[in-house]
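In what follows, a single structure is set out as structure tokens and then discussed.
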Amino acid sequence: MTAAPEHKKKATLIGLVIGFTKLRLAALVVLSAALCYIAASKEFSTEVFSALIAGGFLVTAASNGFNQIMERNLDKLMSRTCNRPLPAGHLTVWQGLFIAILCGVCGLYLLSEWVGPVPALLGGFALFSYTLIYTPLKRITPFAVFVGAFPGAIPPMLGWVAASGSFDIGAFVVFGIQFIWQFPHFWAIAWIMDEDYKKAGFRMLPSPGGRDKRSAFLIMVYSFFLIPASCLPYFFGISGMVSLIAGIVLSLLFFLQAVKLFKQCNIPAARELMFGSFVYLPLVQIAMLFSK
């Protein structure tokens, strides 16, 4: 009779940690680092790759955890976040700090000892800038999306540098693609969640008018920039023709989704663009991997 409650307690604890560290988001972030590591590798190292995955995941989990600690009172105001562990009262701030610090220290240690000092510095910069610069700016200015795009584009660069051992042109190409991609990606989410964000005072859409033609136009413009950006791996000799064709086709399809949002300016079109962004980035990186 006592086994069931014990099992339920453990499952609940695991669920709280998963919710606090945003497991699915962390997994998506680490995926881009992993794909770019493989794409840049001349001699694949299982040890380095495993440490990259584990360290990158832990650093991302720490960033997500610190973000939730800082925004716990604001999360209570939004329907999307009110059931997170901290605002719902399932975790205390001190418990959250313990988890976030533990993840951050362990993640940076793995990167430093097994991947290299430069990847560890990149991970530390991403953790610092996401937590202490991007997070506070979200309530002040839409410029926060631009600031947040820097730590958001670190994972592919981190993976590339871990494999190549240097900041070569490939590292900046994969950084640039993910940097540009984040604008239509985050703005599509902000379009869907605009009313909820306003409850917490977050200013995420680029136009003061929120869901208007100006915001949709900027989303469309940044989506268009992905077309030439996706050609850079081929033109710099990082990948082959398959990557070029796939990049152009995927970018055009993504751009057409942004055009649809500009024409319709509604939530269904923004949701379609959001799901398109989830598919776009890993497919571009996979095409680059198989065409190197």
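Being assigned to a helix (DSSP H, G or I), in contact with a Ser or Thr (Cβ under 8 Å, 6 or more places away or on another chain), aromatic (F, W, Y) and in the same structural domain as L31 (by TED's automatic domain parsing): is that true of Y134 here? Outline the logic, then answer.
Working: assigned to a helix (DSSP H, G or I): yes; in contact with a Ser or Thr (Cβ under 8 Å, 6 or more places away or on another chain): no; aromatic (F, W, Y): yes; in the same structural domain as L31 (by TED's automatic domain parsing): yes.
Judged against the criteria, Y134 is not a match.
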Looking at W181, W191, W160, which is the one that is touching a helix residue (DSSP H, G or I) at 6+ places or on another chain (Cβ under 7 Å), part of a helix (DSSP H, G or I) and not assigned by TED's automatic domain parsing to the domain that holds L244?
W160
Hey, can you tell me all the residues within region 178-201 that are buried (at least 20 other Cβ atoms within 10 Å of the Cβ) and more than 18 Å from the chain's Cα centre (by Cα)?
Y197
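M204 - would you say it is of a type outside the set (V, I, T) and part of a loop (DSSP other than H, G, I, E, B)?
Spelling it out, M204 is indeed of a type outside the set (V, I, T) and part of a loop (DSSP other than H, G, I, E, B).
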Among the residues of region 54-91, write down those that are assigned to a loop (DSSP other than H, G, I, E, B) and crowded, with 23+ Cβ neighbours inside 10 Å.
P85, L86, L91
Checking T21 against (1) surrounded by 23 or more Cβ atoms within 10 Å (Cβ to Cβ); (2) β-branched (V, I, T); (3) modelled with pLDDT of 90 or more, the condition it does not meet:
(3)
What do you reckon, is T135 within 17 Å of the chain's Cα centre (by Cα) and of a type in the set (S, T, Y)?
yes
Only one residue in V174, V147 is in contact (Cβ under 8 Å) with a residue 12 or more places away in the chain, crowded, with 23+ Cβ neighbours inside 10 Å and in a helix (DSSP H, G or I). Which one?
V174
Say whether the condition of being over 16 Å from L74 (Cα atoms), in contact (Cβ under 8 Å) with a residue 12 or more places away in the chain, not in a helix (DSSP H, G or I) and not hydrophobic (A, V, I, L, M, F, W, C) is met by at least one residue in region 93-110.
no
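The values are calculated or read from the model by the stated rules, or taken from the named source; none is laboratory data. Owing to the predicted nature of the structure, the values given are computational and were not obtained by experimental measurement. Note: ideal-geometry Cβ built from the backbone for every residue, glycine included; neighbour counts use all protein chains shown.
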